[in-house]
Every structure is written in structure tokens, then in C-alpha cells.
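The values are calculated or read from the model by the stated rules, or taken from the named source; none is laboratory data. All values derive from a computational prediction rather than experimental measurement. Using ideal geometry, Cβ is built from the backbone for each residue, glycine included, and neighbour counts are taken over all protein chains shown.
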Amino acid sequence: MLNTLSEKTIHTLKKEFPIRVGKRIQQLRKEKSISQSKLAELTNKDRQYIYKIEKGKVTPNIVTLKILVTAFSFLHYSLFQDILKRRLVLVHLFLFECWYLA
């Protein structure tokens, strides 16, 4: 059974959700060590718009949220790929040493 949301709950969500989303976007951006300008460039958005999202002054629509998440996923994937490549090189060196010494 579905519950009806009270006016108070809806008001609270409308007030708090943009702030929570903004803080999370800012946290992810800082974890990736990228500037608002770089995030704006990656997402084809204006830097001021990124600032307003992070401050909870605007609520991004679902498409903008998907674009931001995709940008962060791409950054994470790129970072992860770099780590994998380095580990792969180490594995190859290890296998070469094992084969050579055997």
C-alpha cells in the first residue's frame, strides 16, 4: 500500500534535497580533485551552474544528474584503468621473472 506524503514532508524534501545533492556533487568533485570549471567542461555545463548546484541554489533535472554521474564514473573508470595498466605491467614483469628464473 502506498503512503501519502504530508505537505510538511514534501516541503522538507523540496528544501533539503537540492542541498544534499549539491553537497554530494561537491564531495565527488573534490575527491576527484577537479575544479568546477573542469567539471563544467566535462559535462558541457556552465561553471556558474555547477556552483549553483553545489550550493543547493538550483535543482538539477534528472538528465543533468545522469550527465554528472556519468562524468564522475568516467573519471573513476579512467583512474581505475590507469591503476589496472600499472598492475598488469607488474604482473607481466613477475611472470617474466618466474619464467626466466625457472
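Listed values, structure above:
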| item | result |
| --- | --- |
| Hits in segment 28-50 (condition: at pLDDT 90 or above, surrounded by 16 or more Cβ atoms within 10 Å (Cβ to Cβ) and not charged (D, E, K, R)) | 34, 36, 39, 40, 42, 43, 49, 50 |
| Among residues of segment 28-58, those that are more than 14 Å from residue 71 (Cα to Cα) and free of Cβ contacts under 8 Å to residues at least 40 places away in the same chain, counted | 11 |
| Matching residues, segment 1-34, being within 18 Å of residue 51 (Cβ to Cβ) and outside any helix (DSSP H, G or I) | 32, 33, 34 |
| Residue check, residue 67 hydrophobic (A, V, I, L, M, F, W, C) and touching a residue at least 24 places away in the same chain (Cβ under 8 Å) | yes |
